[in-house]
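Before any comments, here is the structure.
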Number of protein chains: 2
Amino acid sequence: MTASETRRQIVVAADRLFYERGFEATSFADIAGAVRLSRGNFYYHFRTKDEILQAVIAHRIDATQAVLDAWEAGADSPAERILSFVRILITNRTAIMAHGCPVGTLCNELSKLDHAAKDDAVRLFTLFRGWLVRQFTALGREADADALALHVLMRSQGVATLATAFRDEAFVRREIDDVAAWLTAQCPPASPPASRPHP
Amino acid sequence: MTASETRRQIVVAADRLFYERGFEATSFADIAGAVRLSRGNFYYHFRTKDEILQAVIAHRIDATQAVLDAWEAGADSPAERILSFVRILITNRTAIMAHGCPVGTLCNELSKLDHAAKDDAVRLFTLFRGWLVRQFTALGREADADALALHVLMRSQGVATLATAFRDEAFVRREIDDVAAWLTAQCPPASPPASRPHP
DNA sequence: CGCGCCGTAGGACATTTGACCTAAAATCTT
DNA sequence: AAGATTTTAGGTCAAATGTCCTACGGCGCG
């Protein structure tokens, strides 16, 4: 096995474990075990947990960017793209009801730990935020695109958190429908300006 | 110092530390140090970390219940009461931007740890949920009171999470205003039914 | 071919940390 | 002062982290 391939496997396994159990609760040995490496060999690739965290975040950023790029390259309208984003909550409902949103929970945990990589994790949010801003701008809402983007992110996060707490799939679907309705009201052909963000 | 008083101090200190650093990241010694107790004395009051967690959750439930009762005993209208709840985000903005929502982040962490006390933590949410249901019922929305309650909780959680990530106070205020506007649209004297929850 | 180099892999320590426990001193109660 | 309660100062044990050392196999080179 080549070193970079081994490394990649480690990052993928760590990514999953950090998501499922949290960063703090995942031990070096847990990750090594998941990839079937001895501790010593593991150390050859990553010397500290923080290094792994850095790599995991970088990996997530790449993966996220790829998904967003693909959506933006597709034929969907900006509004449909935004809905694609929100529907992640449905697609990943099982994982989310068990472990929450990967981005939100990581940012929360790193904030509490006051971890050096905190800001890097927030960049994941920033990625989505910027992408959403572009979609809303394309919908003719350049003036308040950022407020709208944050609003969509806010709703996703809120739904994810409550989904984890209550494990209520009907609630998730209801709220997704509500976002869809809100979105339609935001960017219609021509209707009275809705009561939303006044930035 | 009487035992129950010492115990109370321990719970208060543990509550703060669990909130600020997280449950997993807070050690026995951290709590003992915060109350200036020897580890042994600490052990006299609580034998395991899980016992402390139980006590902290019970303490939070009591405190929450007291606040909700006070609000319900006050002269405010149900709509104003709901706004009081949402405005906690403003009142506690400093703490929330640093450590998130105490309820949401605890539930998230315990979910990941698959901790036995997970469901007890969710009861904190349930407390708010039931209280909100009563307010919406009083506003004449008994039919969808629960969906509306969850919607308000969802927004609070989303705002808290993003507030922690971006530390943007203006965003928080904007979203609070938006909830207020939404609330007005929900339960007005008599207006066309808004596009909200269809449970 | 023989030899040393290097990337890769695996195991054997050493150190630290944190949860959990005990014995006995100090303090309070009656 | 007897007896219960509270506090202190230790100590144990397992898990986690950090570091080193050996081994194997390909490969360039004299």
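The values are calculated or read from the model by the stated rules, or taken from the named source; none is laboratory data. In this text the structure is predicted, and so the values were computed from the model without any measurement. Ideal geometry is used to build each Cβ from the backbone, glycine not excepted, and the neighbour counts take in all protein chains shown. Quick note on the areas: whole protein, heavy atoms, side chains included, nothing else; ligands and nucleic acids left out. Shrake-Rupley method; radii C 1.70, N 1.55, O 1.52, S 1.80 Å.
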Point to revise | Of A:Lys118/B:Lys118; A:Lys49/A:Lys118; B:Lys49/B:Lys118, those spanning more than 18 Å from alpha-carbon to alpha-carbon | key: A:Lys118/B:Lys118
Review point. How about A:Lys112: which aspartates and glutamates have a C-alpha closer than 16 Å to its C-alpha, ignoring those fewer than 8 places off in the same chain?
Key: A:Glu24, A:Asp50, A:Asp120, B:Asp15, B:Glu20, B:Glu24, B:Asp30, B:Glu109
Revision key, fill the gap. With Cα coordinates, the longest principal axis of chain A makes an angle with the long axis of helix A:3-21, in degrees rounded to 10, of 60
Review point. For region A:142-188, what class follows from the C-alpha gyration tensor (a ≥ b ≥ c being the square roots of its eigenvalues): rounded when a/c is under 1.5, otherwise prolate if a/b is larger than b/c, else oblate?
Key: oblate
Review point. Taking the Cβ-Cβ separation of B:Val67 and B:Ala180 as r and a Förster radius of 22 Å, what is the calculated FRET efficiency to the nearest 0.05?
Key: 0.65
Check your understanding: Among rounded, prolate and oblate, which fits region B:36-113 when a ≥ b ≥ c are the square roots of the eigenvalues of its C-alpha gyration tensor, a/c under 1.5 means rounded, and a/b larger than b/c means prolate?
Key -> prolate
Exercise for review: Leaving ligands, DNA and RNA out of it, rank A:Trp131, A:Trp71 by accessible area with a 1.4 Å probe, largest first.
Suggested key: A:Trp71, A:Trp131
Practice item. Between B:Ala95 and B:Ala75, with labels modelled 7 Å along Cα→Cβ, what's the label distance in nm to one decimal, could you check? Key: 2.8
Check your understanding: What ranking of A:Arg155, A:Arg129, A:Arg167 comes out by heavy-atom accessible area, probe 1.4 Å, highest first?
Key -> A:Arg167, A:Arg129, A:Arg155
Point to revise | Ascending list, in nanometres, of distances separating the B:Val12 label from those of the other copies (7 Å, Cα toward Cβ) | key: 5.2
Revision key, fill the gap. Checked region A:57-186 against the a/c 1.5 cut and the a/b vs b/c comparison, axes a ≥ b ≥ c from its Cα gyration tensor; verdict oblate
**Study point:** Estimated distance in nm for a label pair at B:Arg7 and B:Asp50, the labels positioned 7 Å out from Cα along Cα-to-Cβ
**Key:** 1.9
Review point. For B:Arg173 and B:Ala29 in the same chain, what is the full-extension length gain: residue separation times 0.36 nm, less their Cα-Cα distance, in nm?
Key: 48.0 nm
Exercise for review: Based on alpha-carbon positions alone, could you give the equivalent ellipsoid semi-axes of the protein assembly as shown from the gyration tensor, as √(5λ), descending, whole Å?
Suggested key: 35, 31, 16
Revision key, fill the gap. With Cα coordinates, the longest principal axis of chain A makes an angle with the long axis of helix A:169-186, in degrees rounded to 10, of 50
Check your understanding: So if we plug the beta-carbon distance of A:Tyr43 and B:Asp114 into 1/(1 + (r/R0)^6) with R0 = 35 Å, what FRET efficiency do we get, rounded to 0.05?
Key -> 0.80
Point to revise | Surface accessible to a 1.4 Å probe, B:His59 within the full protein complex, Å² | key: 60
Point to revise | Rel. contact order, % - alpha carbon contacts under 8 angstrom, at least six apart, chain B | key: 21
